[in-house]
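I have a structure I would like to understand better, so I am pasting it below and will then ask my questions one at a time.
The values are calculated or read from the model by the stated rules, or taken from the named source; none is laboratory data. Since this is a predicted model, take the numbers as computed values, not measurements. Every residue, glycine as well, gets a Cβ built from its backbone with ideal geometry; the counts of neighbours run over all protein chains shown. For accessibility, only protein heavy atoms count, side chains too; no ligands or nucleic acids. Shrake-Rupley method; radii C 1.70, N 1.55, O 1.52, S 1.80 Å.
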Amino acid sequence: MSKSSLRPARLAHESTLNRMNAQADSRDAANAPLTLRRAERAEAPALLRLIVALAEFEKLPPPDADAQRRLIEDGFGARPRFEAWLAFCEGVGDPVGYAFFFEMYSSFLARPTLFLEDVFVLPAYRQRGIGGALLQQCIRIAHERGCGRMEWACLDWNTKAQEVYQKLGARQLSEWYSYRLTREGMEKVLSKP
């Protein structure tokens, strides 16, 4: 595979989400066989397109070209920092969904924690069990790896996802607050004498 084929996805004028949804097959694919597999370096451009589509869905800025290059290196380099799994529907060339996760470690449990950063299915392919299959795969991986727990965050307006998580038996944590220090914030802290 040439380096040029692994360039970050271009941010085109046309919405990535709309373009990918337009590719949805008009046939009823609800019963089409589904394949889940760990993303390989050659599939990085397809993963990046899905990440950009998720950003559009969440109304957030997508990763810029530099961030996309880092994603490729951090996910598919010599020492991967995350793992991604892709969902493929039979008859559709590109993946229609993905899960993106990495491990943390619990000092109290003395076990790893699988942190699910993203789980996303293109809107045209929802209501077919694809998101549930990706989530189930992550749960299976966490269990097989001896994780003591699995954690993720959900936007407050995404009530459909919240219902799915509650049906699984996941608990919304109310006793913990999430904090974030951006790269700029780190630099500010580190620049103080």
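Evaluate the stretch 149-164: report whether one residue or more is open to solvent by 80 Å² or more (accessible area, probe 1.4 Å) and among the aromatic types (Phe, Trp, Tyr).
Within the stretch 149-164 (the criterion being open to solvent by 80 Å² or more (accessible area, probe 1.4 Å) and among the aromatic types (Phe, Trp, Tyr)), the answer is yes, since at least one residue qualifies.
Under 6 Å by Cβ, and 6 or more places apart or on different chains, what pairs join a residue from the stretch 168-185 that is within 24 Å of residue 132 (Cα to Cα) with one that is open to solvent by 100 Å² or more (accessible area, probe 1.4 Å) and of a type outside the set (Asp, Glu)?
Sorted first by the residue in the stretch 168-185, then by its partner, the list stays empty.
Among the residues that make up the stretch 93-100, is at least one of them modelled with pLDDT under 95 and either surrounded by fewer than 14 Cβ atoms within 10 Å (Cβ to Cβ) or touching a helix residue (DSSP H, G or I) at 6+ places or on another chain (Cβ under 8 Å) (or both)? Outline the logic, then answer.
Filtering the stretch 93-100 for residues modelled with pLDDT under 95 gives 93.
Next cut, either surrounded by fewer than 14 Cβ atoms within 10 Å (Cβ to Cβ) or touching a helix residue (DSSP H, G or I) at 6+ places or on another chain (Cβ under 8 Å) (or both) only: 93.
Taking every residue of the stretch 93-100 in turn, at least one turns out to be modelled with pLDDT under 95 and either surrounded by fewer than 14 Cβ atoms within 10 Å (Cβ to Cβ) or touching a helix residue (DSSP H, G or I) at 6+ places or on another chain (Cβ under 8 Å) (or both).
Could you look through the stretch 118-144, keep only residues that are among the aliphatic types (A, V, I, L, M) and outside any helix (DSSP H, G or I), and pick out the one that is farthest from residue 100 (Cα to Cα)?
122
Restricting the stretch 167-193 to residues that are part of a helix (DSSP H, G or I) and at pLDDT below 95, which is least open to solvent (accessible area, probe 1.4 Å)?
168
Shifting gears a bit: Residue 30: of a type outside the set (S, T, N, Q), modelled with pLDDT under 95 and surrounded by 15 or more Cβ atoms within 10 Å (Cβ to Cβ), yes or no? Show your work before the answer.
Details: of a type outside the set (S, T, N, Q): yes; modelled with pLDDT under 95: yes; surrounded by 15 or more Cβ atoms within 10 Å (Cβ to Cβ): no.
It is false that residue 30 is of a type outside the set (S, T, N, Q), modelled with pLDDT under 95 and surrounded by 15 or more Cβ atoms within 10 Å (Cβ to Cβ).
Considering only residues that are charged (D, E, K, R) and out of contact with any Lys or Arg (no Cβ under 9 Å at 6 or more places or on another chain), look in the stretch 107-125 and name the one that is surrounded by the most Cβ atoms within 10 Å (Cβ to Cβ). Let's see the steps before the verdict.
Let us first name the residues in the stretch 107-125 that are charged (D, E, K, R), namely 111, 117-118.
Going one step further and asking which of them are out of contact with any Lys or Arg (no Cβ under 9 Å at 6 or more places or on another chain), we end up with 117-118.
Numbers: 117: 13, 118: 18.
The qualifying residue surrounded by the most Cβ atoms within 10 Å (Cβ to Cβ) is 118.
Looking only at the stretch 56-86, which residues are within 11 Å of residue 41 (Cβ to Cβ) and open to solvent by 60 Å² or more (accessible area, probe 1.4 Å)?
The answer is 73, 80.
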